[in-house]
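**Q** Dumping the structure here so I can ask a few things about it.
Bear in mind these aren't lab numbers, they're just calculated from the coordinates by the rules spelled out. Since this is a predicted model, take the numbers as computed values, not measurements. Positions of Cβ are backbone-derived with ideal geometry, glycine not excepted, and every protein chain shown enters the neighbour counts.
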């Protein structure tokens with residue numbers, strides 16, 4: 001009984017810590033001895049000029065690329081050692097849309113649901129409704145605008161069960177209305193003890209949720 | 001295993017949508033084989049002697065042409081990194097992608113080869129060995145090719161480099177397959193060749209997915 005209880009406490013209070021991170025691109029050092037720590041309910045907004053290494057940092061946190069030095073730990077364990085467990089808690093949306101343009105909106109959403117099953121009941125139509133594309137379900141994604149493609153790739157936010165969201169320029173190409181929707185979604189995620197790391201060049205309104213800015 | 005089937009389903013669905021792109025290597029195969037009787041000589045003896053080699057070399061080049069499709073578009077639109085971040089063994093992901101590639105290129109080639117072989121007066125009593133060598137060896141071609149492609153993904157013009165990387169490894173497969181067919185044409189025992197090719201297939205199927213996972217890691221760094 002107590003073991004189960006303890007586990008749920010740990011589940012509720014997750015922590016991501018980076019220690020002495022160093023990243024190189026070619027022979028140029030992008031950043032050195034970077035440290036941060038993020039706990040449940042917090043958002044970290046990474047800012048920096050173009051080429052400062054924001055995307056590289058995000059990719060290192062996801063485990064897609066390895067830092068030259070330093071470690072990242074999730075609940076006190078190195079993410080390389082618990083890759084599987086960490087990936088279950090991770091939602092990463094990069095600046096590439098990862099939407100197949102050969103398929104229709106419906107098929108892309110079906111694939112999303114197939115690969116990232118969620119507890120929340122909801123049909124494809126509901127999901128399309130939440131990204132505002134319910135009238136374009138049978139349209140091929142090659143005929144969508146940049147903003148609409150972005151909406152399809154952000155659809156995962158609405159069915160996510162993952163704790164840690166890593167978003168690379170999530171607001172790029174979106175219209176004002178949908179930016180509001182994404183902000184609301186992020187606020188709800190943080191309110192339910194989730195955590196988020198994101199990069200953005202324009203400000204993002206996270207309401208009263210805890211957030212801090214990290215300058216690269 | 002759920003992951004394996006999901007990826008297989010996804011890749012096959014995409015292959016059907018991209019059938020024009022997919023048909024390219026198959027059309028290449030048909031054209032090259034049918035040009036031989038026109039370009040070399042319509043002489044029956046000469047053509048039937050050349051047939052195993054011609055069919056095999058063309059099938060090999062057609063497979064090589066199609067290799068880039070395995071990871072390229074997924075890499076370019078960011079889907080590959082999303083697939084790599086799926087929780088679950090990466091080996092299954094790679095295995096499914098290689099299987100899908102073989103189903104969309106290797107299998108059609110196996111269907112086309114016997115038909116095209118008739119153009120070259122290929123002796124019908126050796127048809128069985130042609131199909132068997134293709135059945136065993138085309139998966140090996142897909143497997144070997146996937147490593148080369150995975151290693152050169154991040155390079156802008158990786159096409160030529162990966163062909164150069166892959167080709168030397170294709171040569172033993174080519175040699176043993178055509179030797180098996182020639183033996184069968186001359187009514188000599190062929191089981192030794194099949195066993196060797198089969199061993200090659202088993203070893204590559206067991207080891208190559210690990211190599212591809214490592215190669216993708218290198219490409220993403």
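**Q** Under 10 Å, Cα contacts only: if you run a Gaussian network model on chain B, which one of B:192, B:53, B:106 comes out with the highest mean-square fluctuation?
**A** B:192
**Q** What ranking of A:195, B:179 emerges when the number of other C-beta atoms within 10 Å of each C-beta is taken as an exposure proxy, fewest first?
**A** Details: A:195 23, B:179 18.
Lowest to highest Cβ neighbour count: B:179, A:195.
**Q** Which log10 I(q)/I(0) values does the protein assembly as shown give at q = 0.13 Å⁻¹ under the Debye formula, counting every alpha carbon as one identical point scatterer?
**A** -1.13
**Q** Now, a different point. What value does region B:2-220 have for Rg/Rh, both radii from Cα atoms and Rh as Kirkwood defines it?
**A** Numbers: Rg = 17.9 Å, Rh = 18.0 Å.
A ratio of 0.99.
**Q** Once a ≥ b ≥ c are taken as the square roots of the eigenvalues of the Cα gyration tensor of region A:26-144, is the result rounded (a/c under 1.5), prolate (a/b larger than b/c) or oblate (a/b not larger than b/c)? Don't jump to the answer; show the numbers that get you there.
**A** Details: a/c = 2.50, a/b = 1.76, b/c = 1.42.
Note, shape of region A:26-144 comes out prolate.
**Q** At a 10 angstrom cut-off on C-beta neighbours, averaged per residue, how do the peptides A:47-55, B:113-121 rank from highest to lowest? Before the final figure, lay out the partial values.
**A** On the way: A:47-55: 14.8, B:113-121: 17.9.
Highest-to-lowest ranking by the protection proxy: B:113-121, A:47-55.
**Q** Right, here's the next one. Report relative contact order for region B:140-221 in percent, whole number only (criteria: Cα-Cα under 8 Å, sequence separation at least 6).
**A** It comes to 48 percent, rounded to a whole number.
**Q** Put a dot 7 Å past each Cα toward the Cβ at residue A:66 and residue B:203; how far apart are the dots in nm?
**A** A separation of 2.7 nm, rounded to one decimal place.
**Q** Most exposed first by the Cβ proxy, i.e. fewest other Cβ within 10 Å, how do B:21, A:121, A:35, B:81 rank? Display every interim value, and only then the final one.
**A** Working: B:21 13, A:121 6, A:35 10, B:81 20.
Ordered from fewest to most neighbouring Cβ atoms within 10 Å, B:21, A:121, A:35, B:81 come out as A:121, A:35, B:21, B:81.
**Q** Which whole number gives the average, over all residues in A:96-107, of C-beta atoms from other chains lying within 10 Å of the residue C-beta? Write down the numbers at each step before the final one.
**A** On the way: counts 8, 3, 8, 3, 9, 3, 8, 4, 1, 0, 0, 4.
Average per residue, whole number: 4.
**Q** Per DSSP H run of n ≥ 4, the term is -39500 (n - 2.57); total these for chain B, divide by its residue number, and report the mean residue ellipticity at 222 nm rounded to 500 deg cm²/dmol.
**A** Details: 10 runs with 177 residues, N = 221.
Helix contribution divided over all residues of chain B: -27000 deg cm²/dmol.
**Q** Taking neighbour counts of Cβ atoms within 10 Å as a proxy for exposure, in what order, fewest first, do A:102, A:208, A:85 appear? The partial results should precede the final answer.
**A** Numbers: A:102 17, A:208 8, A:85 14.
In increasing order of surrounding Cβ atoms, one gets A:208, A:85, A:102.
**Q** Which of A:41, A:194, A:26 moves the most in a Gaussian network model of chain A with Cα springs under 10 Å?
**A** Judging by the Gaussian network model, the answer is A:26.
**Q** Oh, and also: For chain A, set up a GNM with springs between Cα atoms under 10 Å and report which of A:74, A:116, A:165 has the largest fluctuation.
**A** Per the Cα network of chain A with a 10 Å cutoff, A:116 tops the list.
**Q** Using helices alone, I'd like the mean residue ellipticity at 222 nm for chain A: each DSSP H run of four-plus residues gives -39500 (n - 2.57), total over residue count, nearest 500. List each step's numbers first, then the result.
**A** Values: 7 runs with 69 residues, N = 216.
Estimated from H runs of four or more residues: -9500 deg cm²/dmol.
**Q** Shifting gears a bit: Please report the antiparallel percentage of the DSSP beta bridges confined to the protein assembly as shown, to the nearest 5.
**A** 45 percent
**Q** For region B:61-95 and region B:10-46, what is the separation of their C-alpha centers, rounded to whole Å?
**A** For region B:61-95 versus region B:10-46, the Cα centre distance is 24 Å.
**Q** Specify whether the C-alpha gyration tensor of region A:142-216 places it in the rounded, prolate or oblate class, a ≥ b ≥ c being the square roots of the eigenvalues: rounded for a/c under 1.5, otherwise prolate if a/b is larger than b/c and oblate if not. Can you show the working numbers first?
**A** Details: a/c = 1.81, a/b = 1.41, b/c = 1.29.
In terms of gyration-tensor shape, prolate.
**Q** Set the Förster radius R0 to 56 Å, insert the Cβ-Cβ distance between residue A:179 and residue B:46 as r into 1/(1 + (r/R0)^6), and round the FRET efficiency to 0.05. Numbers along the way, then the final one.
**A** Values: r = 71 Å, r/R0 = 1.27.
In this case the efficiency is close to 0.20.
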